[in-house]
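Read the structure below first, then the notes.
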Amino acid sequence: MKTRSFLKLAFSAAVLASALSANAQTTKIRFAHAGPETASQHLAALEFAKLVKDRSKGQLEVQVYPGSQLGNDSTVLGAVRGGTIDMMMAGSGNFSGMASHFEVLDIPFLFRNPAHAYATVDGAVGQGLMKELEGNGLKQLAFWEVGFRSITTKNRPVRTPADVKGLKIRTMGNPVHIQAWKLLGTNPIPMPLGELYQALESGAVDAQEHPVDITYAAKFYEVQKHLTLTKHAFTAMPVVINKAKFDGFTPDQKKALLSAASDSKLFQRNLNQKNEAGIIADMRKQGMTVIDTFDPAPFKALVGEEVRKSYVAKNGPELLVAVDAIK
């Protein structure tokens, strides 16, 4: 009996030790972003977490924090660089302060279509931009997307440049977008995504511009009346991790993170393409007026060349030439 009891105790101790050892080998990765829980970026983050767990054989566990739970984009970016948060994703304009070449991605009417945008960020241009972040304490895993941006307004639909003149519009706090909206005669007001619904509701801003996925997920249709499918600019979304954290992983763990980020990028793109028509239809049901016949030419005439000139004066023409040459 004593022998059996001893063996049971020994077996239990071995099981407990094995469980504790497995737990000790699991590294948790905190991944923060500003998007709502129903937005495609969050669904892609959950897919990423699942893939990382599977491909690392449980050694890495990604914990996703949406909706600015850990702070707005600027706060979280500083925390990821400093190592107090592990990962984040945000629109490319958030990174232009440390790597100004990123501004090329934000030039209005630069991309002919989604295929042109994806070929840019997935190819040599995107790879070069990713390397620029490494000197700033970051390792970029992939380019996901915010997407092609379209404008919503409260009091009047937008069909011509005259329709936006005088509007207080929330935009991203990067020089390219601010210059473009000023050229169109608006008053651009940068603010975090998490503050935007209340600002629209109170009238602090009249309009906003996001891809339809985010407009829908954030329920801006409740406080905006008109949507015009301008698709005036594409916003890429770098997914970045603290570089020291990444460098500390094994080669297999690094591979798991990189491959999961790449596959989740495709997951998100497919999700956006599949869902866009349904999202637009539902916003119509919610009472929004949707204008889907938009002529970009008069808008492009006012902002396109001026913004491109400003970019070239600051960063040189090489990247812009490379993007234009992509078929």
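The values are calculated or read from the model by the stated rules, or taken from the named source; none is laboratory data. No experiment lies behind these values; they were computed from the predicted model shown. Cβ coordinates were reconstructed from backbone atoms using ideal geometry, including for glycine residues, and neighbour counts include every protein chain displayed.
Looking across the stretch 198-233, the residues that are assigned to a helix (DSSP H, G or I) and either surrounded by fewer than 17 Cβ atoms within 10 Å (Cβ to Cβ) or among the hydrophobic types (A, V, I, L, M, F, W, C) (or both) come down to Gln198, Ala199, Leu200, Glu201, Ser202, Val212, Ile214, Ala217, Phe220, Glu222. Figure legend. Inter-residue proximity from the stretch 255-269: first residues farther than 11 Å from Phe143 by Cα and of a type in the set (Ser, Thr, Tyr), second residues surrounded by fewer than 23 Cβ atoms within 10 Å (Cβ to Cβ) and modelled with pLDDT of 95 or more, beta-carbon distance below 8 Å, spacing 6+ or different chains. Indicated pairs: Ser259/Leu51; Ser259/Arg55. Counting the residues of the stretch 283-294 that are part of a loop (DSSP other than H, G, I, E, B) and in contact (Cβ under 8 Å) with a residue 40 or more places away in the chain gives 5. The residue that is surrounded by the most Cβ atoms within 10 Å (Cβ to Cβ), among those in the stretch 84-116 that are of a type in the set (Ser, Thr, Tyr) and more than 23 Å from Phe48 (Cβ to Cβ), is Ser96. Residues that are in contact (Cβ under 8 Å) with a residue 12 or more places away in the chain, surrounded by 15 or more Cβ atoms within 10 Å (Cβ to Cβ), among the charged types (D, E, K, R) and not in a strand (DSSP E or B) do not occur anywhere in the stretch 315-327. Taking the stretch 229-288 as the range and being under 25 Å from Ile107 (Cβ atoms) and of a type in the set (Asp, Glu) as the test, only Glu276 passes. Only one residue in Val205, Val223 is more than 29 Å from Leu271 (Cα to Cα) and hydrophobic (A, V, I, L, M, F, W, C). Which one? Within the list Val205, Val223, the selection yields Val205. The residue list Ser40, Ser18 contains one member that is small (Gly, Ala, Ser), over 36 Å from the mean Cα position of the chain (by Cα) and either closer than 24 Å to Pro192 by Cα or modelled with pLDDT under 50 (or both), which is Ser18.
Determine, yes or no, whether Pro251 is more than 21 Å from the chain's Cα centre (by Cα) and either on the phi < 0 side of the Ramachandran plot or surrounded by fewer than 17 Cβ atoms within 10 Å (Cβ to Cβ) (or both). The answer is yes for Pro251. Collect the residues in the stretch 24-63 that are hydrophobic (A, V, I, L, M, F, W, C), in contact with a helix residue (DSSP H, G or I) (Cβ under 7 Å, 6 or more places away or on another chain) and part of a strand (DSSP E or B), keeping them in residue-number order. If the condition is that a residue be hydrophobic (A, V, I, L, M, F, W, C), in contact with a helix residue (DSSP H, G or I) (Cβ under 7 Å, 6 or more places away or on another chain) and part of a strand (DSSP E or B), then Phe31, Ala32, Leu60, Val62 are the ones that fit. The set of residues in the stretch 49-71 being within 15 Å of Ile85 (Cβ to Cβ) and touching a residue at least 60 places away in the same chain (Cβ under 8 Å) consists of Gly67, Ser68. Give me the pairs, please: first residue somewhere in the stretch 93-104 and under 16 Å from Ser310 (Cα atoms), second residue anywhere and of a type in the set (Gly, Ala, Ser) and assigned to a helix (DSSP H, G or I), beta-carbon distance under 7 Å, and either six or more positions apart or on two chains. Once the first residue is under 16 Å from Ser310 (Cα atoms) and sits in the stretch 93-104, its partners that are of a type in the set (Gly, Ala, Ser) and assigned to a helix (DSSP H, G or I) give Phe102/Ser92. The residue of the stretch 117-159 that is modelled with the lowest pLDDT, among those that are of a type in the set (S, T, N, Q) and not in a helix (DSSP H, G or I), is Asn155. Could you list, in sequence order, all residues of the stretch 117-144 that are aliphatic (A, V, I, L, M) and surrounded by fewer than 22 Cβ atoms within 10 Å (Cβ to Cβ)? Selection gives Ala119, Ala124, Val125, Met130, Leu133. A single member of Leu257, Leu266, Leu302 is part of a helix (DSSP H, G or I), touching a Leu at 6+ places or on another chain (Cβ under 9 Å) and farther than 26 Å from Gly83 by Cα, and it is Leu302.
Checked against the criterion of being at pLDDT 95 or above, in a strand (DSSP E or B) and among the small types (Gly, Ala, Ser), the candidates Ala162, Ala236 yield just one match: Ala236.
Within the stretch 168-192, residues that are farther than 23 Å from Pro36 by Cα sit with their Cβ atoms under 6 Å from residues that are in a loop (DSSP other than H, G, I, E, B) and of a type in the set (Lys, Arg), at 6+ positions apart or across chains, in these pairs: Gly185/Lys165.
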